[in-house]
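Structure first, commentary second.
The values are calculated or read from the model by the stated rules, or taken from the named source; none is laboratory data. Remember, predicted model here, so these are calculated numbers, not experimental data. FYI the Cβ positions are ideal-geometry reconstructions off the backbone, even for glycines, and counts take in every protein chain you see. Side chains are part of the model used for accessible areas, which takes the heavy atoms of the whole protein and leaves out ligands, DNA and RNA. Shrake-Rupley method; radii C 1.70, N 1.55, O 1.52, S 1.80 Å.
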Amino acid sequence: MSASVADLSRPADELAPLLLGAVVGDGTVAVRLTEVEAYLGAEDPASHAFAGPTPRARVMFGPPAHLYVYLSYGIHRIGNIVCGTDGQASAVLLRAGEVVAGLEEALRRRTRPGAAPPARQGLARGPGNLGQVLALDTSMSGLPLTVRDTDGGVLAPAGLAGRALWLELPPAPLPYRAGPRIGISRNKEAPLRFWLPGDPTVSGRR
């Protein structure tokens, strides 16, 4: 395991592409990340941390290896991995991925009553869908992650009992592309969205 991949104390713009190919799970469903976005602090007007450590965004200021979950449009629970130096706001948005474990449960979580289930490649496409697949809730914001390498070794303290997630880092960085973030109105041209080229689960412009 490369130390550069394992180091969640890196700022979001450095860490985000290194998380592509990582697997995040809740004990039932696991998702391989194929698209992420970096959000920084005072220098990033699109970040929730731009206004400082508000009650919602305080968790973004550290320590790293924790969850930041917020409610979007009153519906979607959006998941982020807090990173960077403690006290310097930084987080990586989990934007899209491929369900690699717990497919039946993922389908159940995503399927509306009376509706046909979504296609497998679209199950975790988009941050709201990914949050639904992992059953994220705002009560999970601030919980520590269990971070481990591909050999099962724990690289950061295990999370609290209950709904905390685990994160399995990739063995090495993967080839990626970068471009503008999606669905924001400020600083939207910053090339802080990263994705695996050619992957059908990527949510936005490729």
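Observations
- When D13 is tested against (1) farther than 24 Å from D137 by Cβ; (2) open to solvent by 60 Å² or more (accessible area, probe 1.4 Å); (3) over 14 Å from the mean Cα position of the chain (by Cα); (4) not basic (K, R), only condition (3) is not met.
- Extreme residue, most open to solvent (accessible area, probe 1.4 Å), among residues of the range 41-62 that are closer than 18 Å to R181 by Cβ and touching a helix residue (DSSP H, G or I) at 6+ places or on another chain (Cβ under 8 Å): A42
- Where a residue in the range 44-58 is under 16 Å from I184 (Cα atoms) and its partner, wherever it lies, is basic (K, R), with Cβ under 6 Å and at least six apart: P45/R186; A46/R186
- Filter result for L67 (over 23 Å from L134 (Cβ atoms), of a type outside the set (S, T, N, Q), in contact with a Ser or Thr (Cβ under 8 Å, 6 or more places away or on another chain) and in contact (Cβ under 8 Å) with a residue 24 or more places away in the chain): no
- The number of residues in the range 15-41 being over 12 Å from G84 (Cβ atoms) and assigned to a loop (DSSP other than H, G, I, E, B) comes to 7.
- Selected residue (only one of V29, V23, V5 is at pLDDT 95 or above and open to solvent by less than 10 Å² (accessible area, probe 1.4 Å)): V29
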